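Chemist: Take this structure, written in structure tokens, and hold onto it; I'll ask about it next.
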Amino acid sequence: MAKSTVISQTRSSLPGPQGLPLLGGKVGMLQLYQQPVTYLRHMYNTYGDIVVVTKNDPMFVFAFGPQYNFRLLSDPDLFHVSTDKTFKKVPHGTALTRLWFNNLQRMNGDQHKQQRRLMMPSFHKKQIVHYHNDMIDQTQRMLDQWQANTGSELNLLLEMQRLTQAVTVKTLFGLDDDVKVKSLGDQMQNLVKITSLGLLIPIDFPGSPYRQALKAAQKFEAEIRAIIEQKRAQPEATDVMAMLIQAHDEDGEKLNEDNLIGHAFALYVAGHETTANALTWTHFLLEQHPHSLADLLDELDAKLHGAPPTIEQLSQLPLLESVVKESMRLFPPAMAGLRITTEACELGGFELAANTNIMYSEFITHRMPELYEEPDRFKPERWLALDRSPYEYLPFSAGHHMCIAASFAMQELKIVLAMMLQRYRLAVRPNVKISTNLRMHAQPGMPVRIFAQDRQFKRTPVRGPIQSMVDIR
Ligand code: HEM
């Protein structure tokens, strides 16, 4: 793909909302946080593929579509994933910074390349076969617990979060003790919850959010160090942590203990909510499209006869693969991503200063009618014949920071869906208001009733912003 030619423009000629001179940008940021999908769509429809949200320092720009995805994601020296200026007030060298800042999503350049190379074998197709049984076991447990609740209502999002959390912790640390698996999962969940405020206002006094986060991080870090110690004595172990401990490059370079801790925590953060959202949306879309659901169940019954899929069978279920792909096209769990310019450069014919924040969007790209016919419709069968480039279809992003665990996630999504659908039918609560952002809803999640799988497929009427996001017929 050719780089666009440099056309010098003044900043004032950049397209974007005029807003209030001082507050315009902040109002935009608030809208982006509260209603990301609606706001991104509005910006693209109103201003086109390059939009300036704020001209203040730092400047904040949206760049939409495959050519900008390519530009931003394939030039990691010019477009960094993070900068040292973020969280610059947070004291370094603490358990909290070791947990949050030692991970691939905060690393650039040679450091990122070296650490990612060491981590890759843990997520290689041959290695993730070892996680297959853990994924099946954890799913089976959840489905068995549902048995007693047949006919009653569950919050599907919460159920999926619990499941993906258990799968992540189990595959990460390979622990047999379920109580320990749950306790580590709960600790990480709690850390995610309490840390954002602590990092934003890093003031240390008794009872402050920062102090609480620091204490929780210290406790968690001590437990992980103990696990690492045990793992060093188990060279035969095949869990992710064991693989990371053993990893070394051709010069014998290994991940140090701080990196191991940071990567482990980041894998948890990056892995479970994304997968839980994808599972929740896929169920919702299937429930709203009874024909697609019936076709999928035919495929599962014919191939699996009620059993969980084996590794070989996972690649022999084309409709299941298409359903997952189509669901993540309509609702990519990561709707948008950010890059930061390391020096002044041009983008789309406009000059951008160093340190400009640029947001690209998987969601907007996936809804472009020039790439996808009837983009708002759920049509899994389109994937049986459609081929799209990595910058046109990118639920796992693309380029140097593409999700390291894309195959792991696809394996997990397919196993959970195949097992759940064969055993249960889920019915969304009638007339429930569904937000486009599961997280921001007043009552987050997706209320569903569960029934034994009886093939009585029927679309439930739903309300709310969802109706403008999917064309359900
Ligand atoms: C459906 C599930 C998932 C989706 C949609 C997803 C999506 C993504 C996306 C969009 C990125 C790139 C962000 C960027 O370019 O800045 C990413 C990166 C990453 N993901 Fe995932 N992810 C999923 C599951 C997982 C799982 C299960 C794990 C770990 C067990 C994981 C670990 C990571 C890591 C470590 C990175 C950073 C890679 C790097 O910066 O080099 N993800 N993911």
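Chemist: When residues of the stretch 382-427 are filtered for being modelled with pLDDT under 95 and in contact with a Ser or Thr (Cβ under 7 Å, 6 or more places away or on another chain), how many remain?
Modeler: 1
Chemist: Next question, about the same structure. Yes or no: residue 413 within 16 Å of the ligand (Cβ to nearest atom) and either within 30 Å of residue 359 (Cβ to Cβ) or outside any helix (DSSP H, G or I) (or both)?
Modeler: In short, yes.
Chemist: Of all the residues that make up the stretch 252-262, how many are without any contact (Cβ under 8 Å) to a residue 60 or more places away in the chain and either within 16 Å of the ligand (Cβ to nearest atom) or not in a helix (DSSP H, G or I) (or both)? Give the steps one after another, and end with the answer.
Modeler: First, pick out the residues of the stretch 252-262 that are without any contact (Cβ under 8 Å) to a residue 60 or more places away in the chain: 252, 256-257, 260.
If we keep only those that are either within 16 Å of the ligand (Cβ to nearest atom) or not in a helix (DSSP H, G or I) (or both) as well, we get 252, 256, 260.
So the count comes out to 3.
Here's the yes/no breakdown for (1) within 16 Å of the ligand (Cβ to nearest atom); (2) without any contact (Cβ under 8 Å) to a residue 40 or more places away in the chain; (3) of a type in the set (Val, Ile, Thr):
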site: 241; (1), (2), (3): yes, no, no
site: 264; (1), (2), (3): yes, no, no
site: 269; (1), (2), (3): yes, no, yes
site: 278; (1), (2), (3): yes, no, no
site: 293; (1), (2), (3): no, no, no
site: 302; (1), (2), (3): no, yes, no
site: 306; (1), (2), (3): no, no, no
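Chemist: Let me ask something else. So residue 122 fits all but one of (1) out of contact with any Ser or Thr (no Cβ under 7 Å at 6 or more places or on another chain); (2) surrounded by fewer than 20 Cβ atoms within 10 Å (Cβ to Cβ); what number is the exception?
Modeler: The single condition residue 122 does not satisfy is (2).
Chemist: Can you find, within the stretch 105-126, the residue that is modelled with the lowest pLDDT among those that are closer than 11 Å to residue 405 by Cα and not aliphatic (A, V, I, L, M)?
Modeler: Result: 125.
Chemist: If we scan the stretch 334-342, do we find a residue that is touching a Leu at 6+ places or on another chain (Cβ under 7 Å) and either closer than 30 Å to residue 245 by Cβ or away from the ligand (no atom under 16 Å from the Cβ) (or both)?
Modeler: no
Chemist: Just wondering, is there one or more residues in the stretch 271-286 that are part of a helix (DSSP H, G or I), surrounded by fewer than 20 Cβ atoms within 10 Å (Cβ to Cβ), at pLDDT 95 or above and among the aliphatic types (A, V, I, L, M)?
Modeler: For the stretch 271-286, residues part of a helix (DSSP H, G or I), surrounded by fewer than 20 Cβ atoms within 10 Å (Cβ to Cβ), at pLDDT 95 or above and among the aliphatic types (A, V, I, L, M): absent.
Chemist: What pairs can you find where one residue is in the stretch 371-397 and closer than 12 Å to residue 322 by Cα, the other is assigned to a loop (DSSP other than H, G, I, E, B) and at pLDDT 95 or above, and their Cβ atoms are less than 6 Å apart, with a gap of 6+ or different chains?
Modeler: Within 6 Å, the pairs are 378/289.
Chemist: Does residue 350 satisfy being out of contact with any Phe, Trp or Tyr (no Cβ under 9 Å at 6 or more places or on another chain), under 20 Å from residue 285 (Cα atoms) and either of a type outside the set (Asp, Glu) or within 16 Å of the ligand (Cβ to nearest atom) (or both)?
Modeler: So residue 350 fails the test.
Chemist: Return a yes/no flag: does the stretch 379-393 have any residue that is crowded, with 16+ Cβ neighbours inside 10 Å and assigned to a strand (DSSP E or B).
Modeler: no
Chemist: Further question: Looking only at the stretch 432-455, filter to residues that are of a type outside the set (A, V, I, L, M) and either closer than 19 Å to residue 31 by Cα or exposed (fewer than 11 other Cβ atoms within 10 Å of the Cβ) (or both); which one of those is modelled with the lowest pLDDT?
Modeler: Keep residues of the stretch 432-455 that are of a type outside the set (A, V, I, L, M), which gives 433, 435-437, 439, 441, 443-445, 447, 449, 451, 453-455.
Filter once more, keeping what is either closer than 19 Å to residue 31 by Cα or exposed (fewer than 11 other Cβ atoms within 10 Å of the Cβ) (or both): 435-437, 439, 441, 443-444, 454.
Numbers: 435: 82, 436: 77, 437: 74, 439: 58, 441: 45, 443: 53, 444: 66, 454: 96.
It comes out as 441.
Chemist: How do the pairs read when you match residues in the stretch 80-100 that are closer than 21 Å to residue 188 by Cα with residues anywhere that are surrounded by 11 or more Cβ atoms within 10 Å (Cβ to Cβ) and modelled with pLDDT under 80, using Cβ under 9 Å and keeping only pairs 6 or more apart or on different chains?
Modeler: Taking only residues 6 or more apart or on different chains, the pairs are 97/87; 100/87.
Chemist: How many residues are part of a strand (DSSP E or B) and among the charged types (D, E, K, R) if we restrict to the stretch 324-346?
Modeler: So the answer is 2.
Chemist: Sticking with this structure for a sec: What's the total number of residues in the stretch 31-63 that are touching a strand residue (DSSP E or B) at 6+ places or on another chain (Cβ under 6 Å) and not in a helix (DSSP H, G or I)?
Modeler: 10
Chemist: Please determine whether any residue of the stretch 226-235 is closer than 26 Å to residue 91 by Cα, more than 23 Å from the chain's Cα centre (by Cα) and either crowded, with 21+ Cβ neighbours inside 10 Å or touching a residue at least 24 places away in the same chain (Cβ under 8 Å) (or both).
Modeler: Yes, some residue in the stretch 226-235 is closer than 26 Å to residue 91 by Cα, more than 23 Å from the chain's Cα centre (by Cα) and either crowded, with 21+ Cβ neighbours inside 10 Å or touching a residue at least 24 places away in the same chain (Cβ under 8 Å) (or both).
Chemist: While we're here: Of the residues in the stretch 79-117, how many are closer than 30 Å to residue 44 by Cα, within 15 Å of the ligand (Cβ to nearest atom) and not polar (S, T, N, Q)?
Modeler: 6
Chemist: Still on this structure: Taking residue 76 as meeting all but one of (1) surrounded by 17 or more Cβ atoms within 10 Å (Cβ to Cβ); (2) touching a residue at least 40 places away in the same chain (Cβ under 8 Å); (3) over 27 Å from residue 172 (Cβ atoms), write down the number of the exception.
Modeler: Only one criterion in (1) surrounded by 17 or more Cβ atoms within 10 Å (Cβ to Cβ); (2) touching a residue at least 40 places away in the same chain (Cβ under 8 Å); (3) over 27 Å from residue 172 (Cβ atoms) is unmet by residue 76, namely (3).
Chemist: Looking only at residues in the stretch 290-323 that are within 20 Å of residue 135 (Cα to Cα) and among the small types (Gly, Ala, Ser), which one is surrounded by the most Cβ atoms within 10 Å (Cβ to Cβ)?
Modeler: 307
Chemist: I would also like to ask the following. Pick out the one residue from 191, 175 that is more than 15 Å from the ligand (Cβ to nearest atom) and not in a helix (DSSP H, G or I).
Modeler: 175
The values are calculated or read from the model by the stated rules, or taken from the named source; none is laboratory data. Everything quoted here is computed from the prediction, not taken from an experiment. Counting neighbours? That spans all protein chains shown, and the Cβs are built from the backbone with ideal geometry, glycine included.
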